[in-house]
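One structure is given below, encoded as structure tokens.
What follows is calculated from the coordinates using simple rules that are stated; it is not laboratory data. Quick caveat: nothing in here was measured; it's all calculated off a predicted structure. A quick note on method: Cβ atoms are made from the backbone with ideal geometry, for glycine too, and the neighbour counts reach across all protein chains shown.
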Amino acid sequence: MKRLDGVKLSVGESESKLLQIAQKQLKKPLKFFKILKKSLDARDKGNIFWVYSIAFSADENDRLPQPAPIPADPALKDLKVAVVGSGPAGLFCALRLLERGAKPIIIERGERVEERTKTVRSFFATRALNENSNVQFGEGGAGTFSDGKLNTQTHTLYNSAVLEYFHRFGAPEEILYLNKPHIGSDNLAAVLKNIRAHIESEGGRYLFGTLFTGFTQQGGRLTSLILKDLSTGVESELRTDCAVLALGHSARETFVKLHAGGIYMTPREFAAGFRIEHSAQSIGFAQYGTSFQKLPAADYKLVSHAHERTVFTFCMCPGGVVIPAASERGGLAVNGMSEYARSGKNSNSALMVQLKFSDFGTGLFDGMNYQRELEKRAFMLGGGDYRAPVQLSGDFVKDRLSQRFAGVEPTYAAGTSFAPLGCLLPAEATAALKLAIADMDKRLKGFADPEAVLTGIESRFTSPVRIERGEDMQSVSLKGLYPCGEGSGYSGGITSSAADGIRAADALSRAFGGK
């Protein structure tokens, strides 16, 4: 087996040349070939190229080392384990538990992805919100309607396991080697259905349309979950040895019920802001120059320290759209979404600013209640019917009301209303955003385009509370309860959430199986 790093291909050059390079290195017939890594070097816009790492061999039996299979433990065969939430943390926890030998029951308040997609599209068109199945709640979690971005700032061996799982269940092979992999929301639905089919075929179960409302305990250990069938309103008790809490960051009423039940939680500072939309062409030209038409839609990641409050971009969606992301009536939240092709006319990103305890208080649910208040303000500012308040970037900076769109038309599906976005956030946060737009333009020319569109409000960046857990990943308040993922305050994004779910499954397996 040979490995070659730093192999360069020009923009537009066929990857078949990699085979020729490998063949030339071997000087004998090529029997095995694999791309290990692929990234774009665009530091010099006049000389942009792809960089590869490749592995190859003249022996068809020569293969890269495969991850060791996860050992099943007979002790877990009869374990009664529930997973609350079917987002990345919950699903990947369930997949790992199956490999370990357990048969998890997945509790999900929302719908299967097929029905959920119809419900979400109906909301976009009619503005009639289903509070239990929407962009936040349902199979796949909030990530189902995003971009399927799998890049992460965390560094853990679990990340590669996440990518392998995704590929196994239908994601394109390129996610295994791309520097910035993504699946696309259009592909995620099929992947989720494949995961569900596998879990059910292996003895796991889903309870859709089922809300976790409480729990029972004995001697400081979890004994059962209280569940509510949302179609009938009937509550029931599910006896369980342990449960994984893979809540999303928007499970607000669940946080309150957990606290009332004695589960120790702590408040967190968080960030909020707007979606900023530019034309995809302008971002492509800024990043790649005249080569942008030959390359995938360009992305970016920016941070500004022009103000004492840090401002940053997050969840950038090349060639994507801004979507309604509310989960509570009378409140408005937005998010970004891209399909796999990323071929839309606009590109958007969250433009986020730090919010501090001094803005909303240090009580456990002060941050959560402040998120709600921001969303209520945005709802009313947009017209009180899920139309989003919008403002041109140049008008936002100059504190004047926008009158018409110019170079960029908004993509928000439920309609928009011109409004003064500066009144949504604290004065210091608004000042920081204004300075950041100009500051970020120094690193991405055109970011401060006065015709770019700001849409509010992006408020679901992260959970405003953390469910505290120990080194064994169990709640510090209750044995047998395993908080994980974004909602519990331990991750951000698909990959880190899925990795935390796998980590929770392994910790649970050690506790109950001894391995």
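Looking at segment 382-456, the pairs of alpha carbons with a distance over 20 Å make up 29% of the total. Restriction of the GluC sites (Glu not before Pro) in segment 88-163 to DSSP coil positions whose beta-carbon has at most 15 other beta-carbons within 10 angstrom yields E131.
Placing unit charges on each Cβ (+1 for Lys and Arg, -1 for Asp and Glu) gives segment 136-279 a dipole about its Cα centre, and among M265, S224, T156 the Cα reaching farthest toward its positive end belongs to M265.
If I take R0 = 41 Å and measure r between the Cβ atoms of K28 and N151 in this structure, what FRET efficiency does the formula 1/(1 + (r/R0)^6) give, to the nearest 0.05? Efficiency at R0 = 41 Å is approximately 0.65.
Look at (1) 89, 69, 40; (2) 69, 67, 40; (3) 91, 51, 44: the one that is Cα extents along the principal axes in Å derived from this structure is (2). About the centre of its Cα atoms, segment 2-57 shows a dipole size close to 340 debye [charges on the beta carbon of Lys, Arg (+1) and Asp, Glu (-1) only; nearest 20 debye]. Dividing the summed helix terms, -39500 (n - 2.57) for each DSSP H run of n ≥ 4, by the number of residues in the chain produces a 222 nm estimate of -9000 deg cm²/dmol to the nearest 500. Ratio of Rg to Rh for segment 2-57: 1.01 [Cα atoms; Kirkwood radius as inverse mean 1/r over pairs]. Taking a ≥ b ≥ c as the square roots of the Cα gyration tensor eigenvalues, with a/c under 1.5 meaning rounded and otherwise prolate when a/b beats b/c, else oblate, which class fits segment 271-336? Oblate, because a/c is 1.5 or more while a/b does not exceed b/c.
The three principal axes of the Cα atoms in segment 269-458 give end-to-end lengths of 51, 35, 32 Å, sorted in falling order. Between K301 and K45, the modelled labels are 2.2 nm apart [label points 7 Å from Cα along Cα→Cβ]. Between A128 and K2, full extension at 0.36 nm per residue minus the direct alpha carbon distance yields a gain of 39.6 nm.
Between the residues N47, G12, Q25, the greatest Cα displacement towards the positive end of the dipole of segment 2-57, with unit charges on the Cβ of Lys, Arg, Asp and Glu, is found for Q25. For segment 141-294, the Cβ-based charge dipole about the Cα centre amounts to some 200 debye (Lys, Arg positive; Asp, Glu negative; other atoms uncharged).
Label separation (R268 vs V11): 3.8 nm, computed from points 7 Å beyond Cα along the C-beta direction.
Average the reciprocal distances over every distinct pair of alpha-carbons in segment 382-515, invert the result, and give the Kirkwood radius in Å. When all Cα pairs of segment 382-515 are included, the Kirkwood radius is 18.2 Å. Lys/Arg Cβ at +1, Asp/Glu Cβ at -1, dipole of segment 269-404 taken about the Cα centre: which of G384, Y340, F360 is farthest positive-ward? Checking the options against the dipole of segment 269-404, the answer is Y340. When the expected Rg is taken as 2.2 N^0.38 Å, what fraction or multiple of it is the alpha-carbon Rg of segment 60-172? Rg over 2.2 N^0.38 Å, computed on Cα atoms: 1.30. Phi angles of segment 386-393 translate, via the Karplus equation with coefficients 6.51, -1.76, 1.60 and θ = phi - 60°, into HN-Hα couplings of 6, 5, 9, x, 9, 7, 5, 4 Hz per residue; Gly and Pro are given as x. Restriction of the trypsin sites (Lys or Arg not before Pro) in segment 12-55 to DSSP coil positions whose beta-carbon has at most 16 other beta-carbons within 10 angstrom yields K27, K31, R43, K45.
The label point for A72 and the one for R404, both projected 7 Å from the Cα toward the Cβ, are 6.8 nm apart.
Working value for segment 335-424: equivalent-ellipsoid semi-axes of 26, 18, 14 Å, each the square root of 5 times a Cα gyration tensor eigenvalue, largest first.
Within the shell defined by Cβ-Cβ distances under 12 Å, the residues around R342 carry a net charge of -1, with Lys and Arg each +1 and Asp and Glu each -1.
At an R0 of 41 angstrom, the distance between the Cβ atoms of K376 and L36 translates into a FRET efficiency of 0.25. Taking the Cα centre of the chain as origin and assigning +1 to Lys and Arg Cβ atoms and -1 to Asp and Glu Cβ atoms, the resulting dipole is close to 960 debye.
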